[in-house]
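Colleague: Questions regarding the structure given below will be posed in turn.
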Amino acid sequence: MSTKGALVKREAKAAIKKHAKKAVKHAAKKTAKKSDPKKSAKKAANQKAERVTGTAVIYATDYGLMTAFHHMQRASVVISLMEKGTGEDLRDLLERGVKLYRKAIEREEENKFVLRAIGVLRAAEHLSLAGLYSARQKHKQKVASPAPAWLEKFIAEADRRLEKIEHAERGKGTDLFPVTVELLRQAEDSDHDAQLAYELAMAADALCFALENGL
């Protein structure tokens, strides 16, 4: 090998060795930085806070409002099919739900308005379907309904929930408590029509949910 070739080889070896040392040093420094217990704990706490806060915000301002919005629109469409001069109580319930929805939009930081809006609007949707179903019974399918055992349990559970909040302080939902109780009674009396019983029970469940959240 020529003198020039040997010199190039030595310089290449030295360069590789030098860069290898730098790489090891850099990796060690990076590992030490990562393994700093104080920084790691702080970073983990921040990430956890971001996840928790983010989830709460997303639920209240996105999923919650979206759910209320869809119940509102479905109830509105079904109610629009009813004859004029009918379903005034149902239209009033829908309007109350719309007002709660507007409050939820204006005061996004308060989940209570979102939850109340969901309950009232979901009840309006189920009651509107019950009304439309009753008016259009000739179109129902002539098939056997499933066993009613699950619905009986559902109604019994709703009864227990209502007992817990019977004497709770309420805002503008005072008149809706007896309505909820009456809907459950009607659902129990509708055992001859499984679909009507289902809609009434679901409406009662929805109003119970709104009442549980301070309506």
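The values are calculated or read from the model by the stated rules, or taken from the named source; none is laboratory data. Quick caveat, the model's predicted, so the values are computed rather than measured. Note that each Cβ is placed from the backbone with ideal geometry, even for glycine, and that neighbours are counted across all protein chains shown. The accessibility values were calculated without ligands, DNA or RNA, using every heavy atom of the protein model including side chains. Shrake-Rupley method; radii C 1.70, N 1.55, O 1.52, S 1.80 Å.
Colleague: Just in the stretch 91-159: which trypsin sites (Lys or Arg not before Pro) are loop by DSSP and have at most 16 other Cβ atoms within 10 Å?
Modeller: Sites meeting the loop and neighbour criteria: Arg107, Arg136, Lys140, Lys142.
Colleague: In whole angstrom, how long is each semi-axis of the equivalent ellipsoid of the stretch 93-215, when you take the square root of 5 times every eigenvalue of its Cα gyration tensor and sort them from largest down?
Modeller: So the three semi-axes of the stretch 93-215 are 28, 17, 11 Å.
Colleague: Arrange the residues Ser76, Ser128 by how much accessible surface each exposes, largest first, with a 1.4 angstrom probe.
Modeller: Ser76, Ser128
Colleague: Also: Spelling out what I want: for every residue of the stretch 71-84, take phi, set θ = phi - 60°, compute 6.51 cos²θ - 1.76 cosθ + 1.60 (Karplus), and round to whole Hz; glycine and proline get x.
Modeller: Those phi angles translate into 4, 4, 5, 5, 4, 4, 5, 5, 4, 5, 7, 6, 5, 5 Hz.
Colleague: Kindly write out, for the stretch 166-174 in residue order, the coupling ³J(HN,Hα) from the Karplus curve 6.51 cos²θ - 1.76 cosθ + 1.60 (θ = phi - 60°), rounded to whole Hz, with x marking Gly and Pro.
Modeller: Computed from phi, the couplings for the stretch 166-174 are 4, 9, 6, 6, 10, x, 9, x, 4 Hz.
Colleague: Let me make sure I get this right: for the stretch 78-146, a, b and c are the square roots of the gyration tensor eigenvalues over alpha carbons, sorted descending. Under 1.5 in a/c it's rounded, otherwise prolate if a/b > b/c, else oblate. Which is it?
Modeller: Oblate shape, in that a/c is at least 1.5 and b/c is the bigger or equal ratio.
Colleague: Are there chymotrypsin sites (Phe, Trp or Tyr not before Pro) in the stretch 116-215 that DSSP marks as loop and that have at most 13 other Cβ atoms within 10 Å, and which are they?
Modeller: Values: sites: Tyr133, Trp150, Phe154, Tyr198, Phe209; in loops: none.
Answer by residue number: there is no such site.
Colleague: Taking θ = phi - 60°, what integer Hz values does the Karplus form 6.51 cos²θ - 1.76 cosθ + 1.60 yield along the stretch 85-90, in sequence order, with x for Gly and Pro?
Modeller: Here the 3J(HN,Hα) series is x, 10, x, 5, 4, 5 Hz.
Colleague: Which sequence of Thr180, Thr86 reflects their accessible areas, 1.4 Å probe, from the largest down? Could you put the intermediate results ahead of the total?
Modeller: Working: Thr180 0, Thr86 50 Å².
I get Thr86, Thr180, largest accessible area first.
Colleague: Got a sec? What order do Asp205, Asp189, Asp92 fall in by accessible area at 1.4 Å, biggest, i.e. largest, first? It would help to have the intermediate numbers written out before the result.
Modeller: On the way: Asp205 20, Asp189 110, Asp92 90 Å².
Correct descending sequence by accessible area is Asp189, Asp92, Asp205.
Colleague: Mind listing the long-range amide H neighbours of Asn213? Cut-off is under 5 Å, sequence gap 5 or more, other chains count too, H placed in the peptide plane at 1.01 Å from N.
Modeller: Hits under the 5 Å cutoff: none.
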